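All remarks here apply to the structure that follows.
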Amino acid sequence: MLQSVFKRIVQQKQRSFLIALIILLLAVAGTTLLKNGGKQPAKKGGPPVISVELFTARIQPLDRQVTLVGQTVADAQIDIMPKYAGRVVSVPVKLGDRVTAGQVLLVQDTGDISLSIAQSNAELRQAQAALVETQASYIASLQKAEVDYNRNKTNYTRYKTLFEQGAVSGETLDAAYQNMINAKATLDTLAKQAVNGEPASLEVKRAAASKIASAVEALEKQRSDLTLRAPRDGVIVYRQVEEGSFIQAAQKVLSLVDNSQVFVDCLVSEQEAAGLALGMAPSIEIASLGQSFTGKIIFISTAKETGSQSYKVRLSIDDPDRKLKSGLFIRGQVLVPLRTAALVVPKSAVLAKSGRSFVYIIGDDKKAIEQEVKTGMGNDQFIEILSGLKPNTVVAASNLAKLKTGIVVTPTGEADAQPNTTVPQPKKGGTT
């Protein structure tokens, strides 16, 4: 009886062991199946199977989205600085005042310059009077010299006749001749003093008067410059001056900003600048305002910015409500056309090796074939294929690093993919 009981216990333990072993084997098999994505593992010795996304090469427009980042700038921002040092007597504007072109912004003391102008005007009148006096004196001297010459000439002619008749001595004739010569010399001296039709003495006086007149004009201009006026319409955004203070020449005392037109200045790379053109209309986002605006490219620099590898681009921006201020950060987007029709594949479908580019064509048998291609322009998503590939050819768009010619692929996400009707056979080196 004990023997029978012992035998039943042994049989029960053996059955428990077998059940546990079967459960363990099933668990291992399930884990392996999950790791293989629910697919049966490739047969030993066969080619590996790689999961890839497929894409059908197609012809389409090729565009690139260019991002523009910059700041708003006012149409003008002008620092108001005096031309001359002096004491301030009036500042009729305040911070934030809107002013118009020509409006008085600041007045300096003009007392000293007004006295100098008065003194110079007196000197000018004196010079003008001397000019008139000199002119009258010259005319009188010239007329007297002409009369003296004519009288002495007549006397000499009469004495010469009398001498021939024996009525006067030779000495008397010689004296008459000498008087005529002296009168002629005086007349010639006055006549030859003329410069541009005027006597030299008169020209000297006229030049002196003109010099004083120019000095008066300069002083009046200086007095005018002591009153600072708005060069254009705008708003006073800086005021660092008070009545009674003494300011130096070229000292910044006021600033005026004209926000009637706001622009956006951006810096772009050489590649981005090459695709931009005047008149393009980017969309503009200003995060601080939470608003979108429309703009237009109005300037593209033809040279790189000093100390930079970037080009300056300026946009005009539509702001009918005048909400914009200068210095706001903006982010814009503009679509740049690269090709009107290009054969394209995803960038992920092109593999670069040793300075050359390759794609993997997927045939009807789902086998990969390496194909060398020549690439052109590209954007964030697609790249242009210039040669080595025909339209409607299906290529692998993922897992390229795991592929080589002859590997069987398992398509995942076959969007835009169609079976190839003709698959080129690889030449030596893996290209067609």
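What to note about this one:
- Among the residues making up segment 251-293, a single one is modelled with pLDDT under 90 and of a type in the set (Asp, Glu): GLU272.
- THR110 among the β-branched types (Val, Ile, Thr) and either closer than 30 Å to TYR238 by Cβ or surrounded by 13 or more Cβ atoms within 10 Å (Cβ to Cβ) (or both): yes
- Inter-residue pairs, beta-carbon under 9 Å, first of a type in the set (A, V, I, L, M) and in segment 291-306, second loosely packed, with under 13 Cβ neighbours inside 10 Å and not in a strand (DSSP E or B), 6+ apart: ILE297/ALA277; ILE297/LEU278; ILE297/GLY279; ILE298/LEU278; ILE298/GLY279; ILE300/ALA277; ILE300/LEU278
- Residue in segment 213-226 that is outside the structural domain of LEU105 (by TED's automatic domain parsing), farther than 30 Å from VAL91 by Cα and buried (at least 17 other Cβ atoms within 10 Å of the Cβ) present: no
- When LYS427, LYS323, LYS374 are checked against the criterion of being at pLDDT 95 or above and either surrounded by 12 or more Cβ atoms within 10 Å (Cβ to Cβ) or not polar (S, T, N, Q) (or both), LYS374 stands alone in meeting it.
- Candidates VAL132, VAL107, VAL93 - the one that is of a type in the set (A, V, I, L, M, F, W, C), touching a strand residue (DSSP E or B) at 6+ places or on another chain (Cβ under 6 Å) and either more than 17 Å from SER224 (Cα to Cα) or assigned to a helix (DSSP H, G or I) (or both): VAL93
- Of all the residues in segment 323-342, those that are out of contact with any Ser or Thr (no Cβ under 8 Å at 6 or more places or on another chain) and touching a residue at least 40 places away in the same chain (Cβ under 8 Å) number 8.
- Among the residues listed as GLN65, GLN126, the single one being surrounded by fewer than 16 Cβ atoms within 10 Å (Cβ to Cβ) and without any contact (Cβ under 8 Å) to a residue 12 or more places away in the chain: GLN126
- Positions within segment 168-217 being of a type in the set (Lys, Arg) and either over 14 Å from ASN155 (Cα atoms) or outside any helix (DSSP H, G or I) (or both), in sequence order: LYS192, LYS205, ARG206, LYS211
- Options SER51, SER137: the member that is more than 43 Å from the chain's Cα centre (by Cα), modelled with pLDDT under 95 and part of a strand (DSSP E or B): SER51
The values are calculated or read from the model by the stated rules, or taken from the named source; none is laboratory data. From a predicted model like this one, the values you see are computed outputs, not experimental measurements. Neighbour counts run over all protein chains shown; Cβ positions are idealised from the backbone, glycine included.
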